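Taking it in order: structure first as structure tokens, then the write-up.
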Amino acid sequence: MKPKNYDYYLIVLTTIILFAIGIVCVYGITYYNYLSAVPGWTETTLYLQFIDNMNSYLYPFLVFLLISLGLCIPKRLFEQDILIKISALSLAATVILSFLLGMETAMDILLAVIAGIQGIVLIMTFNRNRAVRFEKEGYLVRMGSSMLHLGIVVLIFNFVTLRESQFHILIFWAGTLFVTAGNIFSFYPERMNFLFKR
Amino acid sequence: MGFTEYLAAREFASNTGQPVITYIFVLALLQCIFAILFLRKKGDRYYEYLIKCLYVGTGLYILGFMVIILFHIQIYNTVLIEYPAGLQLPVESSRFAVPLWIESEKLYFWAMVASVFALTVKGRKELLSFLGIILSVFSSLVFFFSNPFKDPLPIVNGEITRWYAALAGNDNIYQVAGTLYGRITYYYNATYMWAHPPLLFIAYASLIITFAACVYMLMSHERVYDEIAYRYAKPGYILLTAGMLIGYPWALEAWKDSAWWWDPKISGSIMMWVLYSAYLHARIYVDRGKLWRTTALLGILCFVSLVFTYLLTYIVPGIHSVVQP
């Protein structure tokens, strides 16, 4: 596989994973509608069971998405062969941890690690560190891409792991800010240029 | 100020708005005819008429929206809910600051913004004609199924009428006031209602153009349509993401005792968002092989999911829905 192809296949893989998450959502809608035939079902344990079931259907795809996002992140730091090893290791570690500690705990660990790496990449990108490689040129596009990826990981981490935390809303707004600013920087770098002129 | 003034304001909104929306509908029919004639015969004359219809139609939409704004201001000024002291609520009274995009007004708002966006599409007459047909269908749907002037704000009206009936001693005032306090605090007057729905509807309006351009991309295989689709997908996606996320803190506060996790509308919104994310991801390599076809198909599928998500409120029970199990 040529190095250039790697990014292309990663994009295709991410697209397929996102599409699969969409299908899980459609299933969730149908499932909810089916259960609604039971009067007052949301007041019973049936609802909790429904939530658990839906989460368990979603989590494997979230793991794949996180690994694919995770690949998107270290691809900016490491060579391709190292990346493939990292991705295989991440997947294997998540599967093993899922069996040992449960799916949610495995997700928590994976999310914490990926959020950490993503944060480092964002700082390195901000400092214009040359060790970080990007497919696309332009400081703001790179900043936007890094912020967007970090924001998504932070939001997922917050929803999955930190729902009961006292900092939940604060972290939520931080994630929202990263995602929104990341989108704007990625889509309109030329218009945002004035912010980072040196 | 009171119920009589409120009723007069409601009647004025209906009497003023009805002719406006009727003209919008008539113009939409003409717009559709001119768009079809242009696409079939390629006559520039038809295109000029189409553009005129679009401009006048958009102007009428804005005029109608001003009538809606005026009506909402009048509701605020005329209706005062003074809670009985026995209820021990944190406030003594409330007024209705009703958002401009609820009940039958939301489809109107979406159609109005879509018309404004359509006027910004430049360069491709065929695409604008196709958009003209889509907007005609949209205006017809508004006219027949979501006319905000036929029976202005029926749910708000029902609540106000019940309040004044309770004041006149025809209903349990404590019960009515308690219900109204919850509705006004967590729904009508909630700050989020001024950000969450309008951001989504503006995003939807932008994404209509992405959809139309994706259809044309599939039909013509011309790269320019992909660029137009992308140009409108960008603001659409930013507003969609921000609009969806802004709803979350409010949901935590307002629905803390309700079952809303995996609610169908929320599932639908996530589905729509991941599909648009997939579209934007796939588009990065639009020039590679046949990926442009996949991208265009994804853009169309995204819009189908958007319409489906909008309709979920009316077809599947849930906390966002108007239908009961």
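The values are calculated or read from the model by the stated rules, or taken from the named source; none is laboratory data. Source: prediction; values computed, not measured. When we count neighbours, we look across all protein chains shown, and the Cβ atoms used for this are built from the backbone with ideal geometry, even at glycine.
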1 or more residues at pLDDT 90 or above and over 25 Å from B:Gly86 (Cβ atoms): qualifying helices (runs of 4 or more DSSP H) within the stretch B:154-256: B:154-167, B:196-220, B:223-254
Count of residues meeting criterion [surrounded by 15 or more Cβ atoms within 10 Å (Cβ to Cβ), more than 9 Å from chain A (Cβ to nearest Cβ) and over 22 Å from A:Val24 (Cβ atoms)] in the stretch B:270-308: 5
Residue count, the stretch B:243-269 (criterion: facing chain A (nearest Cβ under 8 Å), in contact (Cβ under 8 Å) with a residue 24 or more places away in the chain and touching a Gly at 6+ places or on another chain (Cβ under 8 Å)): 2
Candidates A:Val141, A:Val154, A:Val95, filtered to the one that is in a helix (DSSP H, G or I), at pLDDT 80 or above, closer than 21 Å to B:Tyr285 by Cα and β-branched (Val, Ile, Thr): A:Val141
Residue ID - nearest to B:Ile134 (Cα to Cα), chosen from residues in the stretch B:309-325 that are in contact (Cβ under 8 Å) with a residue 12 or more places away in the chain and within 9 Å of chain A (Cβ to nearest Cβ): B:Leu312
When residues of the stretch A:150-189 are limited to those that are free of Cβ contacts under 8 Å to residues at least 12 places away in the same chain and more than 10 Å from chain B (Cβ to nearest Cβ), the one farthest from B:Tyr276 (Cα to Cα): A:Gln166
Options B:Ile133, B:Ile81, B:Ile102: the member that is in a helix (DSSP H, G or I) and either assigned by TED's automatic domain parsing to the domain that holds B:Gln31 or surrounded by fewer than 22 Cβ atoms within 10 Å (Cβ to Cβ) (or both): B:Ile133
